[in-house]
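A quick write-up on the structure given underneath.
Every number in this text was worked out from the coordinates using simple rules, so none of it is lab data. All of these numbers come straight from a predicted model, not from anything done at the bench. All Cβ positions, glycine included, derive from the backbone under ideal geometry; neighbour counts span all protein chains shown.
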């Protein structure tokens, strides 16, 4: 062997020795005996720690201080008290008063192993903690015993120390009290919604009977409520919430069969018992009942815990201005209610009205009218979205056209002066589905501008504009303005406002237009303060004013166009001669089941919807004949209520003017005059086109293409090709054309979309 080879051999041996020595050192450090010893040591320390905790923590002598809970206080915008609620509604009852099978419903719903567990589900608790850490939401995995301990002895806070206390006290309570006392305590301390604590209060709140008379089906519903009291309250629940609580109800009964507490034959006989409408809350009546309920909904939607809220101590300030609220209620009384005689005319008893009034600069709801109030009418007409907004949707189509730089079938840009073919039942060109809607009263228009079509709510024009812009783009614009996209069926009839919408949603959409395209989400609660560890803490709330969702030019141009509706169009009879500057749009749905006026001034936006609702069952019915007249138009009762309320609410601000930047606003001639063609949309200059050039200087809205950019609009132009000219104004009714329904988008009882024989929405 050479010297080089010998050297390499010595180096290799040295490396192997070093590696062996290193591995030997690691093995000495991490031997299985040391690992096992460490594990056992940790376990021993944990056991000793738990024993120490068990010896240290005792069952509290008394429960928590629920009996001393405060009311929740609701205030007007000026700080004056509107209402007090939240007084504890609870009556403890012994287990002997609760039917045995009703007792079992709670065990089946919450904790099947209750009767033979030790009071604590360690695996469930750890699983809940793990799910929470993984971002799957708060999941307790608690037994009935743990929930009772949390309700009666501890608090609802989510901390490790509180959870450890809960486990120790639960073990001791299970050993000391026994299952019957624990079950009775749990059922009596739990919150069921509607301000009801305990099963006796819940039985009265939901079924208006004492606990002894509850059936198994009713008990299963009450037990199911505990998972989500507000979401599962049948009166307040969404369609999804109703579905979920019925699934929970069935799950509870099926578990009872599994546990042999109910036979399969008895299970098969069970029918879901729909709870009765809620009773009036103490001290709440009229509009206050709606305002308090809506304020709670807003807070819960922003993350406020329902149970913590109902324990009281909150001070909630609303944007409601007392003078405006009273003005709205008075306007409804004077312009509608005083005209109704339900004993003489049955249809008068079907009339419902809802309204929402918003400050477009702050987004605060300053007045709201929901109906007759609890207990006469539980549904808040201002927030219900099961009726069709009809032609109040048309300005959103125009907004989408302007925002997307849409063109006609002749590739002519769509502006307020673009000329369309307004013939009755003219087939839409360029759409994917045949569509030829009738105009109001089957009226025949010729070549008319978008401005005139808006003034007189010409269906043929906006149906064609919908195809020109694209229905998906229109939907996107509407959703950005605050409308519910889930209620929009993307079909041609959408252009006639066949989706469901509420006065609250429509007020938000128009407030965004009034706010020059900056998103407004109407909000009732302006401030919420609650105690945290004895210190008043303000709840974070979302800002009602959001991002710019439309360009200012688009929003201001639509505002300019809408002036024509109140000055020369379908709302002129009710609004034209008022002392304030206003714009807006009327709407009347198919078969006259709803009538609308949504309008605004520079400082106030108000949506008024009138709905036909049968007192029996709540089905949608026609408003025809209400007040002893014929068809109820948006320019009638809704616009009259709007006009009287707005003048009173504005007070000394009636002289405010719109500050518009509408480069191609109404009354400004288009930059080019293409030659008319045979296609549905052309742009010849209409007769009487005013002089003037586009300007970005602030201006009042203009009403029609026959007046200048300054001053109040006067006069109504005559369409150049109309056989008989537009109607004389002040009407905006629907056309009863029959037809075959192809899908309902307007909520329960809605007429839905139709094909060629379409409803006459105006």
Two pseudo-spin positions, 7 Å from Cα along C-beta at residue 116 and at residue 272, lie apart in nanometres by 3.3 nm
What FRET efficiency would be calculated for the residue pair residue 308, residue 346, taking the C-beta separation as r and a Förster radius of 41 Å, to the nearest 0.05? 0.30
Exposure proxy check: 384, 425 ranked by fewest other beta carbons within 10 Å? 425, 384
Could you give the length gained by full extension between residue 243 and residue 81, i.e. 0.36 nm per residue of separation minus their alpha carbon distance, to one decimal place? 54.6 nm
The extension gain from residue 297 to residue 538, computed as 0.36 nm times the residue separation minus the Cα-Cα distance, is 85.0 nm
Taking the Cα-to-Cβ direction at residue 648 and at residue 603 and moving 7 Å from each Cα, how far apart do the two end points lie in nm? 1.7 nm
Each label point is 7 Å from the Cα along the Cα-to-Cβ direction; what then is the distance between the points at residue 209 and residue 334, in nm? 4.9 nm
Taking 0.36 nm per residue of separation and subtracting the Cα-Cα distance, what length does fully extending residue 376 through residue 411 add? 7.1 nm
Sorted on mean Cβ neighbours within 10 Å (highest first), peptides 409-420, 540-551, 372-383 come out as 409-420, 372-383, 540-551
From fewest to most C-beta neighbours within 10 Å, the residues 403, 472, 553 line up as 472, 553, 403
Enumerate the residues in the stretch 547-572 having an amide nitrogen under 15 Å from the point lying 7 Å beyond the Cα of residue 441 toward its Cβ. 569-572
Between residue 279 and residue 551, what FRET efficiency comes out of the Förster formula 1/(1 + (r/R0)^6) with R0 = 41 Å and r the beta carbon distance, rounded to 0.05? 0.25
To make sure I understand, if each residue's beta carbon is the centre and we count other beta carbons within 10 Å, what order do 402, 353, 340 fall in, fewest to most? 340, 353, 402
